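Here is the structure we will look at.
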Amino acid sequence: MKFLPLIWMNVWRRRIRTTFTLLSVFIAFLLFGLVMTIRAAFSLGVDIAGLDRLVLINKVTLILPLPISYQRQIQSTPGVEFATHQTWFNGAYQQPTNVLTTIAVEPGPFLAVYPEFILPAEQAKAWQADKQGAIVGKDLATRLNWKIGDRIPLMSSIWQPKVPWEFNIVGIYDGGSSVDKTQFFFRYDYLDENRAEQLKGNVGWYVIKIADPSRAVDLGQTFDTMFANSPAETKTTTEKGFIEGFAKQVGDIGTITVAIASTVLFMFGMVAASTMVQSVRERTSELAVLKTLGFTDTSILVLVLCESLFITVVAGGFGLAVAWAIVQRGDPTGGLLAIFTLPPRDIAIGFALMVLMGLIAGAIPAMGAMRLRITDALRRN
Amino acid sequence: MRWLRQTSAVMMLNLRTIPGRLGSSAVAIIGIAGVVVVFVSVLSISAGFSSAMTGSGSAERALVMRAGSDTEMTSGIEGTETRIIKEAPGIRHEGDHAMASAELYVVIDLPKKSSPTSPANVPMRGIEPTGMPLREDMSIVEGRMFRFSTNEVIVGRAANHQFAGLNIGDTIVAGKNRWIVSGIFEADGGVAETEIWCDVHTLQDVYRRPNSFSLVMVKLDTIASFEPFNEWLMKNPQVNVVVRRESEYYQSQSQTMTRLINTLGFGVATLMGIGAVFGAILTMYTAVASRTREIATLRALGFNTSSVLLSVLAESVILGGIGGLIGGIGAYLAFNGYQTSTMNFQTFSQVAFAFRVTPQLLVTGLIYALTMGLIGGLLPAIRAARLPIPSALREL
């Protein structure tokens, strides 16, 4: 502890150099934080997707509908808590290109299956009472400036003949940081009553809440066998697997972001390392004096490593903090990235990387300083 | 003249001493190279994607979809309507045939070769016999065309690369249906190469959508025929449709994705650039510091301050240039032509494309690198020019 002033003085020995090194490391971890946020955004909330929820879709493709008659069969299977269905609506607001995530659901079972959507009880009640009622995410409501009681017209290119479809906003849901709060949910019965005759009685897909997650694979197979020889065969996966598969369709964003982050950290790690090498080289004779005074090899090693750790952890910590603060302000693309949060796991990884960077950057000069022979070093000048 | 001689003399002196300062120069070079690699490679993704999308569209072809639809995926047209559409003026005729094809567009789940366990939405298009001749950029490169009224299909070159089980003779299983691959086609590297094509009537039967289509694709007499064609359809009360030029249709589909990638690419590259400038500043300060006495001597000998200033700047810009070249060449070698596929968010279907490191991107990257070098050299150059001669000469 008593050597802290010594470390402090050494760090600030060359003000300009230290300042720019700190800034470089700051930028490195700011970027790290932002890139990891993008990575999380593209994984589409897979971290919170439930293992106790199954998604049952048409085997040919998600786009093809399933008969509503399947619901009763699924619900009566032992091990199933709730079976509810959802239907993609493709609702566009104001312009045909402004398509929102609009899904037709059954209000009661929907809220029971998704406890992560937080909706005040009286709003849930209002939704049950109003066939044209819809609930929207907090982020979407803020972006489009919608309030409870607003009447919202949407166009759907899939569901005809009604133009436009009109909804009453009866509730605004909230949720944790990794919950998508840009969605629009409305009642399936409203959709079914107003769409063309030949389309009635179909749903998009089923979401099934099961009692015991360890039976997910079993139950999935049970359903797929149950509907094996019917007109619409099915494929069941856990919600987590389903979302992962969907994210993979976008491409390997994970690999790309990790590649960028590695490039960045390597680049700026070099800057820190070069600074440390120079700073130790300049002080060769000083270090020799310290040794003469009785500093052990180990304490010299620790001294140099502390200096390098100070630079990476202080600047890096500050960088991550700023990244976190930026992320708190929300998605800058105006709705393209539904989930915009810096996962705690990545913050922890970031701190581990700072320590690692400090150790690596300081290792070579620290070892050199430790092995320094007093007589050689003093003679060098 | 004398000034020029002086400046170039100091510059050469600087550059010749770079090898002695390789370690600290490497910081600037690697930093700037890293920025350029990331910048060029990220933007090559969007260049590749948008060229695959826009390359597919011809201004001579038009898509007729249901009014209010913005994609083939969500459009639906009845058989009676398609017959009326085919009578519209402005459609090219070859012999007795109007160059118009009523088509059905769906997606099926197939595994990607890169991740066999998770399915991808592969687009499947049912066409009429006129569908092939009206797209003159289409050609069968292996096997043969599918026969109409059978369950044969042809597969795009990119789909064949990206997805498993799409070789000639393979059977594709989609639900209860079986399709047999009879040939592989190319379409100038466009989006169609990610698709599977078959007979529209077979597809309608299989999907239980009798007499229902997604769109009518037509070949226009001339580019200018679009206006009368569009006007006739808009005025006709029997149809409720929207008409788009094929080129504009694909361009609008690529916008969301390219905008997203470009925003991310520029954002990341800008931040990294700031960091790399810091690295360059450090390098140049070190360079100036290690040559303090030399610079002071030059000044004492009567060399101009501006010569000294320019020489430091030149060194920094050259380091930036080297970094830019390394980064650009590295990105080109590593990523140009890299094949991948992603999801088109408008249709939720897969689009295969190749990263494209274009000359324009390389030039932009190099200019960016030189700029970073220039900015990085500025402060250290001023410092070198302002060194007080007497005290600098005394320094170690």
How many residues are among the hydrophobic types (A, V, I, L, M, F, W, C), surrounded by fewer than 21 Cβ atoms within 10 Å (Cβ to Cβ) and either at pLDDT 90 or above or within 22 Å of residue B:34 (Cβ to Cβ) (or both) when one looks only at region B:318-351? 8
Condition test on residue B:69, is it at the interface with another protein chain (Cβ under 8 Å from one of its Cβ atoms), within 30 Å of residue A:281 (Cβ to Cβ) and among the polar types (S, T, N, Q)? no
Go through the residues of region A:26-47 one by one and say whether even a single one is under 24 Å from the mean Cα position of the chain (by Cα), part of a loop (DSSP other than H, G, I, E, B) and away from chain B (no Cβ under 14 Å). yes
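A quick yes/no check of all residues on (1) in contact with a His (Cβ under 6 Å, 6 or more places away or on another chain); (2) within 10 Å of another protein chain (Cβ to nearest Cβ); (3) farther than 23 Å from residue B:344 by Cα; (4) of a type in the set (Gly, Ala, Ser):
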| site | (1), (2), (3), (4) |
| --- | --- |
| B:194 | no, no, no, no |
| B:206 | no, yes, yes, no |
| B:211 | no, no, yes, no |
| B:215 | no, no, no, no |
| B:267 | no, yes, no, yes |
List the residue pairs whose Cβ atoms are under 7 Å apart, where the first residue sits in region B:188-207 and is buried (at least 24 other Cβ atoms within 10 Å of the Cβ), the second is part of a loop (DSSP other than H, G, I, E, B) and of a type in the set (A, V, I, L, M), and the two are 6 or more positions apart or on different chains. B:193/B:187
Quick check: anything in region A:347-360 under 24 Å from residue A:23 (Cα atoms) and at pLDDT below 90? no
Within 21 Å of the chain's Cα centre (by Cα) and more than 11 Å from every other protein chain (Cβ to nearest Cβ) - does that describe any residue in region B:317-324? yes
Is one or more of the residues making up region A:154-167 more than 14 Å from chain B (Cβ to nearest Cβ), in a loop (DSSP other than H, G, I, E, B), buried (at least 19 other Cβ atoms within 10 Å of the Cβ) and among the hydrophobic types (A, V, I, L, M, F, W, C)? no
Being of a type in the set (D, E, K, R), part of a loop (DSSP other than H, G, I, E, B) and surrounded by fewer than 20 Cβ atoms within 10 Å (Cβ to Cβ) is the requirement here; does residue A:147 meet it? yes
Looking only at region B:353-384, count every residue that is closer than 25 Å to residue B:118 by Cα and surrounded by fewer than 24 Cβ atoms within 10 Å (Cβ to Cβ) and tell me the total. 2
Filter region B:217-251 down to the residues that are surrounded by 15 or more Cβ atoms within 10 Å (Cβ to Cβ) and of a type in the set (Gly, Ala, Ser), then identify the one that is farthest from the other protein chains (Cβ to nearest Cβ). B:225
So how many residues does region A:4-20 have that are at the interface with chain B (Cβ under 7 Å from one of its Cβ atoms) and either in contact with a Ser or Thr (Cβ under 8 Å, 6 or more places away or on another chain) or crowded, with 18+ Cβ neighbours inside 10 Å (or both)? 2
Residues within region B:72-88 that are in contact with a strand residue (DSSP E or B) (Cβ under 6 Å, 6 or more places away or on another chain), assigned to a helix (DSSP H, G or I) and either within 11 Å of another protein chain (Cβ to nearest Cβ) or of a type in the set (S, T, N, Q) (or both), tallied: 1
Just give me the residues in region A:173-212 being closer than 18 Å to residue A:340 by Cβ, of a type in the set (Gly, Ala, Ser) and touching a residue at least 60 places away in the same chain (Cβ under 8 Å), in sequence order. A:176, A:177, A:178
Please verify whether residue B:50 is more than 30 Å from residue B:374 (Cβ to Cβ) and assigned to a helix (DSSP H, G or I), treating the condition exactly as stated. yes
Here the residues within region B:325-342 that are assigned to a helix (DSSP H, G or I) and more than 14 Å from chain A (Cβ to nearest Cβ) are B:325, B:328, B:329, B:332, B:333
Quick one: would you say residue B:64 is among the aliphatic types (A, V, I, L, M) and more than 10 Å from chain A (Cβ to nearest Cβ)? yes
Mind checking whether some residue in region A:206-221 is away from chain B (no Cβ under 14 Å), within 29 Å of residue B:210 (Cβ to Cβ) and in a helix (DSSP H, G or I)? no
What is the residue count in region B:127-175 for residues that are within 23 Å of residue B:96 (Cβ to Cβ) and either buried (at least 19 other Cβ atoms within 10 Å of the Cβ) or not aromatic (Phe, Trp, Tyr) (or both)? 14
State all residues of region A:53-79 that are surrounded by fewer than 18 Cβ atoms within 10 Å (Cβ to Cβ) and away from chain B (no Cβ under 14 Å); if no residue qualifies, say none. A:68, A:69, A:72, A:73, A:75, A:76, A:77, A:78, A:79
Looking at region A:248-266, which of its residues are under 14 Å from residue B:39 (Cα atoms) and either touching a Lys or Arg at 6+ places or on another chain (Cβ under 9 Å) or touching a residue at least 60 places away in the same chain (Cβ under 8 Å) (or both)? A:256, A:257, A:260, A:261, A:264
Filter result (more than 21 Å from residue B:224 (Cα to Cα) and hydrophobic (A, V, I, L, M, F, W, C)) within region B:237-253: B:239
For residue B:19, all conditions in the list (1) over 30 Å from the mean Cα position of the chain (by Cα); (2) at pLDDT 85 or above; (3) in a helix (DSSP H, G or I) hold save one; what is the number of the exception? (2)
For residue B:256, indicate whether it is modelled with pLDDT under 90, polar (S, T, N, Q), assigned to a helix (DSSP H, G or I) and under 29 Å from residue B:22 (Cβ atoms). no
I need the full set of residues from region A:80-113 which are surrounded by fewer than 17 Cβ atoms within 10 Å (Cβ to Cβ) and either within 11 Å of chain B (Cβ to nearest Cβ) or touching a strand residue (DSSP E or B) at 6+ places or on another chain (Cβ under 8 Å) (or both), in order please. A:81, A:95, A:96, A:97, A:98, A:112
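The values are calculated or read from the model by the stated rules, or taken from the named source; none is laboratory data. This structure is a prediction, so every number in the text was calculated from the model and none was measured. We place every Cβ from the backbone using ideal geometry, glycine too, and count neighbours over all the protein chains shown.
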